[in-house]
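Colleague: Just passing along the structure, written as structure tokens.
The values are calculated or read from the model by the stated rules, or taken from the named source; none is laboratory data. The structure displayed is predicted, hence computed values, not measured ones. Neighbour counts are summed over all protein chains in view; Cβ atoms, including those assigned to glycine, are modelled from backbone coordinates with ideal geometry.
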Amino acid sequence: MIKNYLFILFAILISINIYAQTKKTHYSNGNLKTEGKLLNNKKTGIWKIYYKNGNLAAIQSYKNNKKTGLSKLFHKNGKLKQIGKFENDKLIGLWKYFDESEYILQTQRYINGKQTGIIKHYFKNGKIEKFGFAENRRTYGIWKVYYKNGALFQIGELNNGIQHGKWKMYHRNGKLFTVGHFENGKQTKKWHTYDTLGNLNSIETYKKGIKNGLCKMFHLNGKLLAVGQILNGKQTGEWRVFFENGEFHKTSIYKEGELINKIPSIIKKQ
């Protein structure tokens, strides 16, 4: 009876040694490269990976040779690089990414290995730099971009990572700087620009990202300063210029951005 018991115990111990072995690999300098357990020649449990300098590079949980559970990656200086979870070799849930000083850089979510939902980027001071929607590494929908002080810098829509539709940009004091539309990443139609006090500076027309068409500029009091045409980003033809009181001042003639003539008004500025 005792002999049978000892035989069974011995068989179990042999089985454990065969099917649950600790596996280690080393660099040519002798430093540890990887270590973990194998069950039926498949990775199981916690595995650790090291840099050649001996610092920890990653900690990963495995089940049946597939990444499952918590995963941590580290920079060569030992600081945390990224942290998140796997399920059957696919990223799931919230993942966080850090720089070499362990300041958070980015957070994003995954479902069944695919990037989805809101992605956030951060400044080193911990404030959000920009955030919006992403799916399968493509950004889309409304995105917001911020100054380091936390004030809103830009807001608009992305289509597959490209600016498309209405966009607004702001001064650091929160006042609107410019507003207009993009089409496939290029400015189009009318764009309004404002100074830091909220006064309208200009109204310019864009076509395929280049200034083309009617342009108006304004005095601080809101009165028209100048009006004329722009062709391929350069002033062209007649430009009418006005005093702050709204009275006509002069006409300037441009060709490819060069002033070639000016016709003054007979009305003198008061």
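Colleague: Taking region 141-166, which residues are over 16 Å from the mean Cα position of the chain (by Cα), under 26 Å from Gly126 (Cβ atoms) and in a strand (DSSP E or B)?
Modeller: Residues satisfying the conditions do not exist here.
Colleague: Restricting region 213-224 to residues that are part of a strand (DSSP E or B) and out of contact with any Lys or Arg (no Cβ under 8 Å at 6 or more places or on another chain), which is surrounded by the fewest Cβ atoms within 10 Å (Cβ to Cβ)?
Modeller: Leu214
Colleague: Looking at region 57-69, is at least one residue among the β-branched types (Val, Ile, Thr), in a strand (DSSP E or B) and in contact with a Lys or Arg (Cβ under 6 Å, 6 or more places away or on another chain)?
Modeller: yes
Colleague: Please verify whether region 198-212 includes one or more residues that are part of a loop (DSSP other than H, G, I, E, B) and over 30 Å from Thr139 (Cα atoms).
Modeller: Scanning region 198-212 turns up at least one residue that is part of a loop (DSSP other than H, G, I, E, B) and over 30 Å from Thr139 (Cα atoms).
Colleague: Please work out which residue is nearest to Gly45 (Cα to Cα), limiting yourself to region 79-124 and to residues that are in a loop (DSSP other than H, G, I, E, B) and in contact with a Leu (Cβ under 7 Å, 6 or more places away or on another chain).
Modeller: Taking the candidates together, the pick is Gly113.
Colleague: Just to be sure, is Gln229 closer than 30 Å to Ile128 by Cβ, in a strand (DSSP E or B) and either in contact with a strand residue (DSSP E or B) (Cβ under 6 Å, 6 or more places away or on another chain) or modelled with pLDDT of 95 or more (or both)?
Modeller: It is false that Gln229 is closer than 30 Å to Ile128 by Cβ, in a strand (DSSP E or B) and either in contact with a strand residue (DSSP E or B) (Cβ under 6 Å, 6 or more places away or on another chain) or modelled with pLDDT of 95 or more (or both).
Colleague: Select, from Lys130, Lys144, Lys186, the only residue that is in contact with a strand residue (DSSP E or B) (Cβ under 8 Å, 6 or more places away or on another chain), closer than 30 Å to Leu214 by Cβ and among the basic types (Lys, Arg).
Modeller: Lys186
Colleague: Scan region 74-96 for residues that are at positive phi and out of contact with any Gly (no Cβ under 7 Å at 6 or more places or on another chain) and jot them down.
Modeller: The answer is Gly78, Asn88, Asp89.
Colleague: Can you tell me which residue is nearest to Gln229 (Cα to Cα) among those in region 180-197 that are polar (S, T, N, Q) and surrounded by fewer than 16 Cβ atoms within 10 Å (Cβ to Cβ)?
Modeller: Asn184
Colleague: Can Gly174 be described as small (Gly, Ala, Ser), out of contact with any Ser or Thr (no Cβ under 7 Å at 6 or more places or on another chain), assigned to a loop (DSSP other than H, G, I, E, B) and within 30 Å of His219 (Cβ to Cβ)?
Modeller: Spelling it out, Gly174 is indeed small (Gly, Ala, Ser), out of contact with any Ser or Thr (no Cβ under 7 Å at 6 or more places or on another chain), assigned to a loop (DSSP other than H, G, I, E, B) and within 30 Å of His219 (Cβ to Cβ).
Colleague: Could you please let me know if Gly156 is among the small types (Gly, Ala, Ser) and touching a strand residue (DSSP E or B) at 6+ places or on another chain (Cβ under 6 Å)?
Modeller: In short, yes.
Colleague: Just checking, does region 254-269 include any residue being surrounded by 15 or more Cβ atoms within 10 Å (Cβ to Cβ), at negative phi, out of contact with any Ser or Thr (no Cβ under 7 Å at 6 or more places or on another chain) and not polar (S, T, N, Q)?
Modeller: no
Colleague: Among the listed residues Arg138, Arg172, identify the single one that is surrounded by fewer than 14 Cβ atoms within 10 Å (Cβ to Cβ), under 30 Å from Lys66 (Cβ atoms) and without any contact (Cβ under 8 Å) to a residue 60 or more places away in the chain.
Modeller: Arg138
Colleague: Let me ask something additional. Does Ile128 satisfy the condition of being surrounded by fewer than 17 Cβ atoms within 10 Å (Cβ to Cβ), more than 25 Å from Tyr51 (Cα to Cα), touching a Gly at 6+ places or on another chain (Cβ under 9 Å) and not polar (S, T, N, Q)?
Modeller: Against the criterion (surrounded by fewer than 17 Cβ atoms within 10 Å (Cβ to Cβ), more than 25 Å from Tyr51 (Cα to Cα), touching a Gly at 6+ places or on another chain (Cβ under 9 Å) and not polar (S, T, N, Q)), Ile128 qualifies.
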